1. For a quick check of understanding: with a 1.4 angstrom probe and all protein chains in place, what accessible area in square angstrom does Asp317 have, to the nearest ten?
2. Computed FRET efficiency, Cβ-Cβ of Glu166 and Phe327, R0 25 Å: what is it to the nearest 0.05?
3. As an exercise, use a Förster radius of 56 Å and the Cβ-Cβ distance of Glu346 and Leu94 to find the FRET efficiency, rounded to the nearest 0.05.
4. What's the local net charge at Lys209, with K and R +1, D and E -1, over the other residues with C-beta under 13 Å away?
5. May I ask you to compute the full-extension gain from Asn258 to Ile393, defined as 0.36 nm times their residue separation minus their alpha-carbon distance, rounded to one decimal in nm?
6. Write out the cysteines belonging to the chain for which the nearest other cysteine Cβ is not under 4.7 Å, or none if no such cysteine exists.
7. How far is it, in nm, from the label point at Thr136 to the one at Ala212 when both lie 7 Å from their Cα along the line to the Cβ?
8. Accessible surface of Arg48 in the full protein assembly, 1.4 angstrom probe, to the nearest 10 Å²?
Amino acid sequence: MKFGFSLVFLPLFLALFSLVAAEDRQSQHPERISGSAGDVLEDDPVGRLKVFVYELPSKYNKKILQKDPRCLTHMFAAEIFMHRFLLSSPVRTLNPEEADWFYTPVYTTCDLTPNGLPLPFKSPRMMRSAIQLISTNWPYWNRTEGADHFFVVPHDFGACFHYQEEKAIERGILPLLQRATLVQTFGQRNHVCLNEGSITIPPYAPPQKMQAHLIPLDTPRSIFVYFRGLFYDVGNDPEGGYYARGARASVWENFKDNPLFDISTEHPATYYEDMQRAVFCLCPLGWAPWSPRLVEAVIFGCIPVIIADDIVLPFSDAIPWEEIGVFVEEKDVPNLDTILTSMPTEVILRKQRLLANPSMKQAMLFPQPDQSGDAFHQILNGLARKLPHDKSIYLDSGEQVLNWTAGPVGDLKPW
């Protein structure tokens, strides 16, 4: 069965689809992820690696958070919660000599404007300062120049430390982090801001807040396509066409009057509930290719429509994104209605069954306290799969590979 119809029959179509979907939810159990991906998703990292957490002066983490508690609910908050998780995790070791990995807790994204927008401009100096500190006070960085260290860098473009792609590309990854494993929300193939071997993670979305907005599972999905957010960013892209590479503008221009599309810049109080009433949720790129909408769509069982060319999605070795989502190339946005309405009903229902799998949802969250299979554990799984380290990462005594004076002049100033 395919969706091909006149808009005259839209109300009948949505009612029919909701009925079929509701019956399917009642008669089917959530579908287990098949093959190796499902096994990877359910891996237990405990016993497979040991992590040493550097104890840094509080000016690198706790004091920054005390100045601005908003950082705890920001989409970049993974860096804070990962630190808290590791402090009490069974993978933590207090003996650095037995550690497989070394973690440096630096809250480089906790610098927000009054409007809550992140300012990445101090981040490079802060990160350089922390690395100088650990390389001076401990011998472990110097053994590998960071090749057995990992850092959480959830900025728009990771360790390139800028929110505009053009400037992020110009900056490149902070030179001192070139050998480290970067745990970051940004992921795009063949991009200077994504090193090979990086671990792509979901952005932080508050689990308790989403839990509080759950509605009954048998609620009909009466919205076909849903999106709330910017289509243009006049403040930062006054001429238009640069923001979201024009993809969001194309969504608005092509479908603002299409009754299949419930799209708007308004962010209603019922946002979470509306996602649970929708069949498809648009997840287009913005300044960066990723956003919390992806997490929200998975949690609420709304099929994510991913519009971001070459995106690398969170935990892609464990989550079968091709099976649960719909990928639309940016150039094909004008055909969105045809692409989605021509999708067979059985394909849609299978995607919904896979999205109903609790392990899928759990992998996208950073809950407090942590829970088996959550995003914390998926990060550890990713680190464990990179072991054992190749002997080539270890340097001879006194050997240096990284250039400590490379990068923009402003990054070299003391923090």
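1. 80
2. Details: r = 25 Å, r/R0 = 0.99.
For Glu166 and Phe327, the calculated efficiency is 0.50.
3. Numbers: r = 53 Å, r/R0 = 0.95.
Efficiency at R0 = 56 Å is approximately 0.55.
4. Details: positive: none; negative: Glu273, Glu296.
That works out to -2.
5. Length difference between fully extended and current span is 43.0 nm.
6. Isolated Cys, the chain: Cys283.
7. 4.4
8. Rounded to the nearest 10, that gives 90 Å².
The values are calculated or read from the model by the stated rules, or taken from the named source; none is laboratory data. The shown structure was predicted, so the numbers you read here are calculated from the model rather than taken from an experiment. Every residue, glycine as well, gets a Cβ built from its backbone with ideal geometry; the counts of neighbours run over all protein chains shown. For accessibility, only protein heavy atoms count, side chains too; no ligands or nucleic acids. Shrake-Rupley method; radii C 1.70, N 1.55, O 1.52, S 1.80 Å.
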